Amino acid sequence: MEDIKLKINEAITEDYYRNNYPNDGQRFVAWYLRNIHNLDIVETKECITDGAGDKQIDAVYIDNQDSIIYIIQGKFYSGETVDAEPLREVLASWLQIKDLQSLQENANDKLKVKINEIAQAIEDDYSICFELVTTSTLTESAYNDFITFQKLLNEDENLSANIYLVDKETLQFKYDEALNRNRPYINFDFHVDNDKCIEIDLDGTKAIIAAIPLKECIQIPGIHDGSLFRKNVRQSLGTSNKVNKGIAKTLKNNPQDFFLLHNGITAICSKITLEGDTLSTKELNVVNGCQSLSTIYSCSESVKNSEGGYIMFRFYEIDNPEKADNISISTNSQSAVKARDLRSNDKAVLSMKKAYEQKYPDGYFITKRGEVVNTAKYNTNHIINLTDLGKLLIAWHSQRPTISYSETKIFDKYFNQIFYKDYSPEKMQALNELYKAVIEKWNSDNPMNLNPSLLAMKSYAPYHQLYAISVYFCEINRMPESVPNPAKALELLKENDLLDQIVEMAGNSLNMAFESASAETTDSGKIFSSVNWIKAKASLKNIRESVRNQMGAIKFIEGGNEILQKINQGLKMETTDFESRWTAD
């Protein structure tokens, strides 16, 4: 473990950490956010709340993709052990999170903003994850307190929350996992009892059925970040739903009966080998059991202290991808799977995929999460991801970039409104190219001179810029209630050499709208939350007004009339090039 301590010590002496954070405590938390949660330098800075008035909360990171609020307490110690003091600080933050209004009244300015965002996320049913991050190990008494605290959290009916202890051993593991985050597969050796494991041949398919100790499960890589479940039709639903609460209850109260009460885990591997008490797996993927393993992981402290608990695993040696996908779908269809979990096989999606790949033979339409595309075989400009397309469709055609951050809403609540099997490949490709032209400007050089708080929302704010591009066409053609054909829009932008200019103007309009809303809120004595603004419909009104203001201001700059004339002529469309907005609210 000394290696990870040395690595962190060396890292936080770098100019970035020393120039941006005043002490090693903040530098350590920043290192954790960057290296473990994979945030960029701007996002990291926005998450740090440490300082006077931090109320025992060093950082807040809201993961909109997985619907998780991370409340982070970091303790950078040189010693080998640490007592219960940092744990008590986490307990204090939990008690304060239960009363956000009181917490906000005495918090520092950065935390006040984050509390607004936490409140909104809780309303959207996000779960809370407290992370106690330390380079040391808890003393025995502190560890016992941790188990007690974990039990309190799991029993709280009013707040869906978990706590994870990221001590020196876990920190090393998480760092190693983060380095390998882009690996499509996991290799792992299970320790098994010979009398609790059988190997069979199923018409040419090698299978091993084994009773795996619960303690062994929490050591499997890829549970926390979801990489173990790449071929599963869904990811973890958290510990707040009824089924997972029942699993957690059994783990705590009757772990010895878990094997008897649970249906088991289905895993596929490219190679499985049983030698002695070691079961080796290559390219391991769990296709049924994500909820169970995630819940076991979240109850890791109870599991570590249990005796005699087992869970059944079915390992299949599969080298046929189609067969593996069929296993994933079939095993999950036996339980309640929401529609969004199976969208990759929806008829409309498969029809869109077929049409796109016929139109662009050198292209590929990615429908499955975690699918790896051979870029040497396909044209990278003609690769489209189903998840990204859903976000683009709702931003452009529904004119609701405020929803683009939420995969859950797109692929569940609004799926039928925004996915059409006859949606043309040309429109898909146009949205793909327009977004690429936008996102390439969201880099560390900040060529559009965006507000730093806006730049920190790179995962969802660019969809507002895409929306702003459509607004320019609507305003110039006096079609404010309609939506322009994206393929025609891209064609005109390219023909008239206006693509880069309109992308820049859309970025400026977004920035002006953001700063205007921020100033107006602050001047009124209220707290402005950039994340809440980007999710609110008010942001769309602000952007539209900003577009109008920018168009009106062009005439006052040198050569402005000529510029305005070129834009008006270049973006001129026929009425038939517009259509009604797709409903999504």
* Structure fact -> Here the tail fraction of P(r) beyond 44 Å, over all Cα-Cα pairs of the chain, rounds in percent to 24 percent
* If you take the C-alpha gyration tensor of the stretch 380-453, multiply each eigenvalue by 5 and take the square root, what semi-axes do you get, largest first, in whole Å? -> 24, 16, 10
* Structure fact -> With the 1.4 Å probe rolled over protein heavy atoms, the chain has an accessible area per residue in Å² of 45 Å²
* Pairs beyond 24 Å (Cα-Cα), from 409/535; 421/488; 114/151; 55/526 -> 114/151
* Got a sec? Charge dipole of the chain, +1 on Cβ for Lys and Arg, -1 for Asp and Glu; which of 57, 200, 403 is way out at the positive end? -> 403
* Shape box of the stretch 53-194 [Cα atoms, principal axes, largest first, Å] -> 57, 36, 30
* To do: Quick one: pull the percent of accessible area on the chain belonging to carbon and sulfur, 1.4 Å probe, ligands and nucleic acids left out.
  => 46 percent
* Arrange the peptides 545-557, 500-512, 470-482 so that the one whose residues have, on average, the most other Cβ atoms within 10 Å appears first. => 500-512, 470-482, 545-557
* Asked: To the nearest 10 degrees, how steeply does helix 242-253 sit against the main Cα axis of the chain, on a 0 to 90 scale?
  -> 30 degrees
* Asked: In degrees, nearest 10, range 0 to 90: what is the angle between the Cα axis of helix 347-359 and the longest Cα principal axis of the chain?
  -> 60 degrees
* **Separation in nanometres of the label points that stand 7 Å from Cα toward Cβ, at residue 562 and residue 581** => 3.7 nm
* To do: Please report the relative contact order for the chain, taking Cα pairs under 8 Å with a sequence separation of at least 6, and give it as a percent rounded to a whole number.
  => 10 percent
* **Signed unit charges on C-beta, dipole axis of the stretch 444-585, positive-most listed residue 534, 446, 573** => 534
* Asked: Which FRET efficiency, nearest 0.05, do residue 99 and residue 66 yield, Cβ-Cβ r, R0 25 Å?
  -> 0.45
* Based on DSSP H runs of at least 4 residues, each adding -39500 (n - 2.57), what is the mean residue ellipticity at 222 nm of the chain after dividing by all its residues, to the nearest 500 deg cm²/dmol? -> -14000 deg cm²/dmol
* In the stretch 103-207, the trypsin sites (Lys or Arg not before Pro) that fall in loop regions by DSSP, at most 11 other Cβ within 10 Å -> 181
* To do: Quote the FRET efficiency, to the nearest 0.05, computed for residue 377 versus residue 38 with a Förster distance R0 of 45 Å and r equal to the Cβ-Cβ distance.
  => 0.95
* Please report the orientation-averaged projected area of the stretch 479-528, defined via the convex hull of its C-alpha atoms, in nm². => 4.8 nm²
* **5 angstrom amide H check on residue 366, placed H, neighbours 5+ away** => 384, 385, 386
* To do: Using the structure shown, list the pairs from 206/353; 45/168; 377/441 with a Cα-Cα distance above 29 Å, or answer none.
  => 206/353
* Asked: So how do 560-567, 423-430, 92-99 stack up, highest first, on mean other-Cβ count within 10 Å?
  -> 423-430, 92-99, 560-567
* According to the Kirkwood expression over distinct Cα-Cα pairs, how big is the hydrodynamic radius of the stretch 473-585, in Å? -> 15.6 Å
* Structure fact -> Once phi for every residue in the stretch 314-319 is put through the Karplus expression 6.51 cos²θ - 1.76 cosθ + 1.60 (θ = phi - 60°), the whole-Hz ³J(HN,Hα) values, with Gly and Pro written as x, are 10, 9, 10, 8, 10, 10
* DSSP-loop GluC sites (Glu not before Pro) across the stretch 79-108, with at most 14 other Cβ within 10 angstrom -> 80
* Structure fact -> Along principal axes, largest first, the alpha-carbon spread of the stretch 15-94 in whole Å comes out as 33, 32, 25
* Protein-only accessible surface order, largest first, of 191, 224, 397 at 1.4 Å -> 191, 224, 397
* **Between 0 and 90°, nearest 10: helix 321-333 axis offset from the chain longest Cα axis** => 80 degrees
* Once fully extended, how much extra length lies between residue 158 and residue 345, figured as 0.36 nm per residue of separation less the alpha-carbon to alpha-carbon distance? -> 63.7 nm
* Cα principal axis extents for the stretch 118-230, largest first, Å -> 54, 37, 32
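The values are calculated or read from the model by the stated rules, or taken from the named source; none is laboratory data. Here the structure is a predicted model, which is why all the values come from computation and not from measurement. All Cβ positions, glycine included, derive from the backbone under ideal geometry; neighbour counts span all protein chains shown. Remember, those area values only see protein heavy atoms, side chains included, never the ligands or the DNA or RNA. Shrake-Rupley method; radii C 1.70, N 1.55, O 1.52, S 1.80 Å.
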